[in-house]
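Taking it in order: structure first as structure tokens, then the write-up.
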Amino acid sequence: MKDNEVMPKSDVKYKKNNKRNNRRKMLFVYNPHSGRGEIGIALSDILWRFTVSGYDVTVHPTSAPRDGKDYITDNAKDYDIIVSAGGDGMLHELFSGIVASGEDITCGYIPSGTVNDFATSLMISKNPIDAAEIIVNGKIKLIDAGVFNGDIFSYVAAFGLFTGVSYSTDQNMKNALGPLAYLIEALKNMEPGNFLRSSVHAVIKTEDREYEGAYIFGYAGNTLSVGGMTNIIPEDAQMNDGLLDCLFIKTPASIIELDRIRQALMMGRLDIEEIIRFKTNSVEVLTDKPVAWTLDGEYGGKTDKADIGIRNRVIKITVP
């Protein structure tokens, strides 16, 4: 066609339809109650950013626990990308939903909770609009997902002291004080009177080692931050190396041992006898009684046998 010719209407219609057909489909699942409700406030701007970037967006606000996971599992096949917005619990539902769907699909995350360990680990902005921009113009990173007794978790499985803080701390306190609320509750838990209630006898097994004793805390994770704390994570930790970073704290037998543990946690110098650290692709934790575990900051139930593993690079997520 020459520059001065007018395109036939039929061709114009074809090009418009073709452009519309080339738009990508996005499923946007969010928790309207997370954090201070930032997502609800910014929702219009977020959806506008996605729409002008070429996405047709389906919005699904969650209405109950596991609703997001189930909806993603059932509908992932119909979309090109799935985005979740909310706290660490919403991220947990995103990962578990994608893996359960069996689809090889890219995802994005807009954090709106209080601490957001996962967002901190991947340097995803905690400003909803900036996080949406990352999803539109960022790059795709392959990362691991954890497995706890067959269930997927996004970044951490833990028991004992500190683990109940995220789901037992009052939501208003979280919103008002942010990470400080977690610290306040954690310091309360570091009292000698709590050790008897928190201590469990455990056998910890990997392919090449075994530990046995009394422990007040343990975690296996794929993260660079736990409860807003980065100093308990190994410096060489990576989120796509196919390995879990594990840490277990022995029950202190004296005030001296308690003080040594406190100092180690505060200073991030964890090479002490009371703390066990290692990397592994799988670990089994057997306890003398059912203990409560947290998965990604949410209550994960009680069990006396935890089989924890890792699935290497099964999540495709947009990052800066």
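A short reminder: the numbers here are calculations on the coordinates, not readings from a lab. It should be emphasised that the depicted structure is a prediction, and the values quoted were computed from it without experimental measurement. Cβ placement follows ideal geometry from the backbone for every residue including glycine, while neighbour counts extend to all protein chains displayed.
Length gained on full extension, residue 137 to residue 238: 34.0 nm, using 0.36 nm per residue less the C-alpha separation.
Neighbours of residue 257 by Cβ distance under 9 Å: Lys/Arg scored +1, Asp/Glu scored -1, total -1.
Between residue 208 and residue 59, what is 0.36 nm times their sequence separation minus the Cα-Cα distance? Round to one decimal in nm. My answer for the length gained is 48.9 nm. With a Förster radius of 41 Å applied to the beta-carbon distance between residue 103 and residue 259, the computed FRET efficiency rounds to 0.20. Can you give the FRET efficiency to the nearest 0.05 for residue 307 and residue 23, using r as the Cβ-Cβ distance and R₀ = 56 Å? That gives a FRET efficiency of 0.85. Each residue in 70, 117 was given a count of other beta-carbon atoms within 10 angstrom of its own, and listing them fewest first yields 70, 117. The loop-placed GluC sites (Glu not before Pro) in the stretch 244-320, going by DSSP, that have at most 10 neighbouring Cβ atoms within 10 Å of their Cβ come out as 273.
For the stretch 9-144, the fraction of C-alpha pairs more than 21 angstrom apart is 40%. Neighbours of residue 149 by Cβ distance under 13 Å: Lys/Arg scored +1, Asp/Glu scored -1, total -2. Going down the table (139/205; 279/305; 279/316; 69/250), which pairs top 28 Å between alpha carbons? Check vs 28 Å cut-off fails for 139/205; 69/250. Residue separation of residue 316 and residue 66 scaled by 0.36 nm, minus their Cα-Cα distance, works out to 87.9 nm of gained length. When 201, 60 are arranged by Cβ crowding within 10 Å, least crowded first, meaning fewest neighbours, the order is 201, 60.
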